[in-house]
Amino acid sequence: MIHNIAVKIVDLLLKYGSAPKSRDIYIYGTECFISEMIGNFLLFCIALPLHQGWAMLLWLISFLSIRIHLGGYHAPYHWLCLLVSTFIGISSIFFNWIWISIKGYSLLVLLLCDAYIFLTKAVVHKNHPMSPKKLYRERLLLLINTFIITIVVVVCLFVGNNWYSPILSGLFCSVGMSLITKFPKRSSDTD
């Protein structure tokens, strides 16, 4: 369904002058955009009744600013991506409560996440190869975003503001998505 909607949108845009040779790229990008919007809509539909709207917005900003540059698990289907993303977003609400209840250990979690980011390479998806220059740029942006998030979390922790919890959850979930891809996949072949 998402694919069909994306094809109609792209065909409409191509009718008004875009390059037809890039049609497949535009369709893929439109599919990603639609899928992301559906996922975000679902997250806010769940977060708002729980009075977690602002926390969800902070989580999304934190999660995406790290995830985009760190990489990680990519689902093979849009519906699975939507399911996994929504589950992670919903779980972040519960992580927020955990970070608040173990406030003293939140700094340790932050430092472990930062150490992972500083010591690991970004996960590059096989369908999105990058040149060394692009990898360097992505690494630099990852480190800058991590530094900013770390400063914000530390300041919030020390001034007693609980906004650190959704930001820390975003960082934690991004690292978790990256860690998932570090484990080797099991072969489905049985001898």
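The values are calculated or read from the model by the stated rules, or taken from the named source; none is laboratory data. Please read these numbers as outputs of a predicted model, since none were measured by experiment. Cβ: placed from backbone, ideal geometry, glycine included. Neighbour counts: every protein chain shown. Note: areas computed on protein heavy atoms with side chains; ligands, DNA, RNA excluded. Shrake-Rupley method; radii C 1.70, N 1.55, O 1.52, S 1.80 Å.
Per DSSP H run of at least 4 residues, take -39500 (n - 2.57); add these up for the chain, divide by its residues and hand me the 222 nm value, nearest 500 deg cm²/dmol. The partial results should precede the final answer.
Values: 7 runs with 144 residues, N = 191.
That calculation yields -26000 deg cm²/dmol at 222 nm.
Please state, as a whole number in µm²/s, the translational diffusion coefficient that the Stokes-Einstein equation yields for the range 24-104 at 37 °C and 0.692 mPa s, with Rh defined as the Kirkwood radius across alpha carbon pairs. Mind dumping the intermediate values first?
Details: Rh = 13.7 Å.
For these conditions, the coefficient is 239 µm²/s.
So if I place +1 on the C-beta of Lys and Arg and -1 on the C-beta of Asp and Glu, and nothing else carries charge, what would the dipole magnitude of the chain be about its Cα centre? I want it in debye, nearest 20.
Numbers: 15 positive and 8 negative charges, 95 e Å.
Its charge dipole is roughly 460 debye.
Leaving out ligands, DNA and RNA, what percent of the accessible area of the range 74-171 is carbon and sulfur, probe 1.4 Å?
On the way: 4420 of 5920 Å².
Heavy-atom surface of the range 74-171 belonging to carbon and sulfur, 1.4 Å probe: 75 percent.
Leaving out ligands and nucleic acids, and using a 1.4 Å probe, what accessible area per residue does the range 6-57 come to in Å²? Intermediate values should be presented prior to the final figure.
Details: 3530 Å² over 52 residues.
I get 68 Å² per residue for the range 6-57.
Output the Kirkwood hydrodynamic radius of the range 23-162, Cα pairs only, in Å rounded to one decimal. Write down the numbers at each step before the final one.
Details: mean 1/r = 0.0598 Å⁻¹.
The answer is 16.7 Å.
Given the range 88-151 reduced to its alpha-carbon atoms as identical point scatterers, what log10 I(q)/I(0) does the Debye formula return at q = 0.19, 0.20, 0.27 Å⁻¹?
-0.88, -0.93, -1.15
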